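Contents: one structure, followed by commentary.
The values are calculated or read from the model by the stated rules, or taken from the named source; none is laboratory data. None of the values given here were measured: they were computed from a predicted structure. Cβ coordinates were reconstructed from backbone atoms using ideal geometry, including for glycine residues, and neighbour counts include every protein chain displayed.
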Amino acid sequence: MIKRLFTEHPSSVDETYVEHFFAAGSFSLRMFIASLACLVHAVLPFLFVKTGSEAIETLYDRMVANRRRFEEGRLESRDAARAAQKA
């Protein structure tokens, strides 16, 4: 029961707990740094003009790329399972 709390979501995105820890941690660090830049930008609008939006774009692209990789892996696994059933 307790183990499932830590493994269910990472498994749903084709990651181990440790892989998910580092992936989510890197997202968190990037968002934290971008939020500090946005805070400075709020006070000094001529600084960090594109930093926040660029961080969002980068993180979104990483997430979509990982989602595509996961979905393609699922399709490959499904196709392999079907081929094995036919053999």
Assuming VAL40 fulfils every condition listed in (1) at pLDDT below 95; (2) farther than 28 Å from HIS9 by Cβ apart from one, which condition is it?
(1)
Considering residues that are surrounded by 12 or more Cβ atoms within 10 Å (Cβ to Cβ) and more than 21 Å from ARG68 (Cα to Cα), the number found within region 7-34 is 4
Considering region 32-59 alone, what residues qualify as being in a helix (DSSP H, G or I) and among the aliphatic types (A, V, I, L, M)?
ILE33, ALA34, LEU36, ALA37, LEU39, VAL40, ALA42, VAL43, ALA55, ILE56, LEU59
Would you call ARG62 touching a helix residue (DSSP H, G or I) at 6+ places or on another chain (Cβ under 9 Å), in a helix (DSSP H, G or I), of a type in the set (D, E, K, R) and free of Cβ contacts under 8 Å to residues at least 40 places away in the same chain?
yes
Restrict the check to region 79-87 and report whether at least one residue is among the charged types (D, E, K, R), at pLDDT below 90 and within 25 Å of SER11 (Cα to Cα).
yes
